[in-house]
Amino acid sequence: MKFRWIIFTVLCLLPAQLFAGVQISDYTAAKLREFSVYRMHFSAYENVYDVLNDIDTFEAEIQKNLAREAVDYEQEKLIWESEFAMERYVYKFDLDKGQKNIRIMLREQMKRNEAWLKDHEATDGANKWLYVLTGDVTSCYMTFSVAVTLLKGLWVRELYEKAVEQDPLFQQANTNLGQWLFYAPGIFGGGKKKALARFQQAYDGARTEVEQYFAGVYLSQGLLENKESALSSQYLSKSDKMNPNSKWIATIKRINAQNISLFKYNRKRSGIDDNDPNATEL
């Protein structure tokens, strides 16, 4: 695997169950930190198929070891399925015309996660990672229709809030709750100022360079939306220096120069405003 040699030693030294809430194995906790480094560097790959190949390779390693290492196999299996589904969604989006196939993939993952939570959450609890990844999978699935967004939107917020409740410094949950707040109408509790505060919380609480990288990008976009373009550029530049060959950041810099934030760019790219607003099924 291309970036195994650059995995930060500090990631391996962090306590596996720090703010973990409902327990997952040390193995899954450590491997999630390791995969986050891959996620950071995937955007610098020249070929999307190389990214997908490395995801497949990482997944094969997890499948080989998880049954032996997991403390809650079914939950950890869902966490990993969701993690890989989300990363494939990012890189397959432009390969799948109409995005129907990848949205079906997300829908089926969402249903599996939802069923597990229905059966186990009240009695056994759930880990912050299952909450945040279920929120992510559902968020990306529901963009095919305004109707589904309305149906699932408040549940997604609840999932992110439960993840933050377990770990107030959880960067991914704070960042994605911030995105939810950005897109949600004020009548449902959304708002740009609330989103910006959450992005700042994600950045201030970042425990690793990778977390600071992702949090900095989203904070920069929140600042751009708040008309603080100079400060936005400062944060984006910090993330750019951590991953200087990132095509993702190059795209963000290009659209920001046109005063378009990543949030507006992603909404347009999702196609939600062009799809049948009343559709409830793909």
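The values are calculated or read from the model by the stated rules, or taken from the named source; none is laboratory data. Predicted model only: the values in this text are computed from it and were never measured. Quick note on the areas: whole protein, heavy atoms, side chains included, nothing else; ligands and nucleic acids left out. Shrake-Rupley method; radii C 1.70, N 1.55, O 1.52, S 1.80 Å.
According to the Kirkwood relation over distinct C-alpha pairs, the hydrodynamic radius of segment 196-277 is 13.1 Å.
Provide the three semi-axes, in whole Å and in decreasing order, of the ellipsoid equivalent to segment 45-186 as defined by the square roots of 5 times the Cα gyration tensor eigenvalues.
Numbers: eigenvalues 104, 94, 40 Å².
Over the Cα atoms of segment 45-186, the ellipsoid semi-axes are 23, 22, 14 Å.
Which order do you get for GLU59, GLU69 if you rank them by accessible area with a 1.4 Å probe, largest at the top?
On the way: GLU59 40, GLU69 75 Å².
Heavy-atom accessible area, descending, gives GLU69, GLU59.
Pairs with C-alpha atoms separated by more than 24 Å, drawn from the list LYS100/LYS152; LYS118/LYS162; LYS100/LYS192; LYS100/LYS227; LYS31/LYS64, are LYS100/LYS192; LYS100/LYS227.
When the surface is traced with a 1.4 Å probe over the full set of protein chains, ARG254 keeps roughly 120 Å² accessible. Looking at the chain, the accessible area is 48 square angstrom per residue; that uses a 1.4 Å probe and ignores ligands, DNA and RNA.
For the chain, what does -39500 (n - 2.57) per DSSP helix run (n ≥ 4), summed and divided by total residues, give at 222 nm, in deg cm²/dmol to the nearest 500?
-23500 deg cm²/dmol
For PHE170, no residue whose modelled amide H falls within less than 5 Å of its own remains once neighbours fewer than 5 places apart on the same chain are excluded. Among the listed values (i) 51, 44, 36; (ii) 66, 43, 41; (iii) 58, 43, 28, the one matching Cα extents along the principal axes in Å as calculated from this structure is (i).
For segment 119-203, the alpha carbon convex hull comes to 90 Å³ per residue, rounded to a whole number.
All distinct Cα pairs of segment 139-282 go into the 1/r average, and the inverse of that average, the Kirkwood radius, is 15.7 Å.
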